[in-house]
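Since the structure comes first, as structure tokens, the remarks are kept for the end.
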Amino acid sequence: MGILDRLLGRDPARRAAFAAAAAAVDRELAANLELASMFDQTHQAALFEISEFERHGASLRDDPAAFSAVESVYRRVAETEAAMARRGPANTIKPEDLAQIERWEGDVREAQRQLRAALTAPRRSRLVVFLARLRGGGLTGR
């Protein structure tokens, strides 16, 4: 791969690694949502999977917005599992714990949407990103 390809951000190997990572993490998030829906029905605590994110996290950094959303979800896995395990009188779930679990589920769905959008979005070249930063607009292209 030449200098021009690197400058324009055309690295097929990195793009393929990102696609594989996004697909693996998307599947893991879907499985975690399935576990959360089983919790909704049975009120039995679940343990979520985090291995795919740990394995593919570096590849996901190629899209900062998608990585941020996914990383936020995975960072809150332990506290969500703890909210599922806490019980009140007569094995009830506190409203704030239920709200936290539901908020986490919604954030998982949003992270999945961002991952899928990152896969289909055209990649901005490094040259375009660099020029945007020179103009003071950051990554938004302002």
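Values quoted throughout were computed directly from the atomic coordinates according to the rules given, and no laboratory measurement underlies them. Model, not experiment: these values are computed from the prediction. FYI the Cβ positions are ideal-geometry reconstructions off the backbone, even for glycines, and counts take in every protein chain you see.
Between E71 and A13, the contour length at 0.36 nm per residue exceeds the alpha carbon distance by 18.6 nm. Packing order of peptides 82-89, 20-27, highest average first: 20-27, 82-89 (average count of other Cβ atoms within 10 Å over each peptide's residues). Ordering I50, L131, T120 by Cα displacement along the dipole of region 7-140 toward the positive end leaves L131 in first place; charges were set at the Cβ atoms of Lys, Arg (+1) and Asp, Glu (-1). Each Lys and Arg adds +1 at its Cβ and each Asp and Glu adds -1 at its Cβ; summed about the Cα centre, region 3-95 shows a dipole of about 180 debye. The Cα atoms of region 7-140 define a convex hull whose projected area, averaged across directions, is 9.1 nm².
Please work out the FRET efficiency for the pair S51 and L131, using the Cβ-Cβ distance as r and a Förster radius of 41 Å; give the result to the nearest 0.05.
According to the calculation, E is roughly 0.60.
Entry for region 55-130 at q = 0.14, 0.19, 0.22, 0.25 Å⁻¹: log10 I(q)/I(0) = -0.57, -0.82, -0.97, -1.11, Debye formula applied to identical alpha-carbon scatterers, no solvent contribution.
Fewest-first ordering of I101, I93 by other beta carbons within 10 Å of each residue's beta carbon gives I93, I101.
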